[in-house]
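Presented below is the structure to which this report refers.
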Amino acid sequence: MELLGAATTQFGFELFKELNQVNKGNIVFSPASISAAIGMLLPGARGATAAQLRKVLFSEKDTENSRIRAEEKEVGDVSSHLHEGGFIEKTEDIHHQFQTFLNEISKLTNNYELKIANKLFGEKTYLFLQKYLDYVEKYYHASLEPVDFVNAADESRKKINSWVESQTHEKSEDLFPDAALNSSTKLVLVNVVHFKGQWDREFEKGHTKEEEFWLDKSTSKPVLMMTQHQSFSYTVLKDQQAKILGIPYKNNDLSMFVLLPNDIDGLEKIVSNISPRNLVEWTDPGQMEERMVDVHLPHFQLQDSYDLEAALAAVGLAGALGPRGADPARAERAGLQAQRFLHRAVVVVAEDGTEAAAATGAGFVATSVSGCETFHCNHPFLFFIRHNESSSVLFFGRFSSP
């Protein structure tokens, strides 16, 4: 699972950099949710498209090895090859890793709620390849629910949105907006992630007070600032003029990491300089020290929706989303074309912990004082919530304005 975790961290940071170019405000999304949706596309992909999708789920080395094996096996007519089940053999390892990952993070615990749910909504008159449906249900626990896109597209859209809302405790609403689906839609693939966890050591509500949060050196807004003085995982990035704090949730299975620049306007420079590998290395348990830290963290709630087609194309998935891209159904008759790739995420950070939810849908058709560090988040910062055993990033975001 470590390879999968590193790859989703890399993918998440690359996607963040693309979203950052067009969105200068707050950003929040779930690399885990988007990666799971891409994983469900993979069984229907061929050749270069499959290689693009594998790049999201594995390291560059593993992707190259998989590509070579795929090219050695891919012979004859593509259509007949699909019905021989060859595409299943080529991606077996990828799906096994995802199955292990999904099973691991879905284990029941009294310390937090963490759930990933997948589902397919298919046009009831459309004939889908059973091998694909069986495979996605086996590895992603995604069953197919028949709906009537032909005669009742809007009612089907509302039904899908209702399912997303129920899976995220009403935290993610209207994933598919009005007119997002129509009578030509044949299949909608949906993934949702919901997380609700308590801090290992809660912030006392009585210590929360209003402070100024600086958007830049000349503009500030009031924000409720939580405070805590405890021992945390901490590291200083001298070359980047920044520092990172790890705040664990109960049982230490998950943690929130905050990357805070020293300068009020220093975040953009850091984002442009660092790589996904840097994030993995800096937050490795062996690289961080346990230090007494005086923490000031805003009480915040972020939510946003994205049509990810352009951003995914920019990170190398253009071929997977176009007319000749992944056909996740591999129907017996005409192939499917991806229409939309939508994503919505919500993160709430409070004194007792964090609640976060995300949904992805693809439709076809400071200074030290007396030995204590200061970590004062009163200007823009990056954060991500990570499942520690797999190193997979469940949520990634930037807080830049209350």
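The values are calculated or read from the model by the stated rules, or taken from the named source; none is laboratory data. Keep in mind that this is a model prediction, so the values were computed, not measured. Cβ: placed from backbone, ideal geometry, glycine included. Neighbour counts: every protein chain shown.
At a glance:
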quantity	calculated
Count of residues meeting criterion [surrounded by 14 or more Cβ atoms within 10 Å (Cβ to Cβ), more than 27 Å from the chain's Cα centre (by Cα) and over 19 Å from Val348 (Cβ atoms)] in the stretch 213-228	2
Given (1) assigned to a helix (DSSP H, G or I); (2) at pLDDT 80 or above; (3) of a type outside the set (D, E, K, R); (4) surrounded by fewer than 24 Cβ atoms within 10 Å (Cβ to Cβ), number of the condition Ile38 does not satisfy	(4)
Lone unmet requirement of (1) at pLDDT below 70; (2) assigned to a helix (DSSP H, G or I); (3) of a type in the set (A, V, I, L, M) for Ala50	(1)
Members of the stretch 147-175 found to be within 24 Å of Leu127 (Cβ to Cβ) and touching a strand residue (DSSP E or B) at 6+ places or on another chain (Cβ under 6 Å), listed by number	Val147, Phe149, Ser156, Ile160
Any hit, the stretch 360-383, residues being assigned to a strand (DSSP E or B) and closer than 18 Å to Asn111 by Cα	no
Residue among Val193, Val188, Val236 that alone is hydrophobic (A, V, I, L, M, F, W, C), at pLDDT 90 or above and either surrounded by 14 or more Cβ atoms within 10 Å (Cβ to Cβ) or part of a strand (DSSP E or B) (or both)	Val236
Qualifying residue in the stretch 216-227 (condition: touching a strand residue (DSSP E or B) at 6+ places or on another chain (Cβ under 6 Å) and of a type in the set (Lys, Arg))	yes
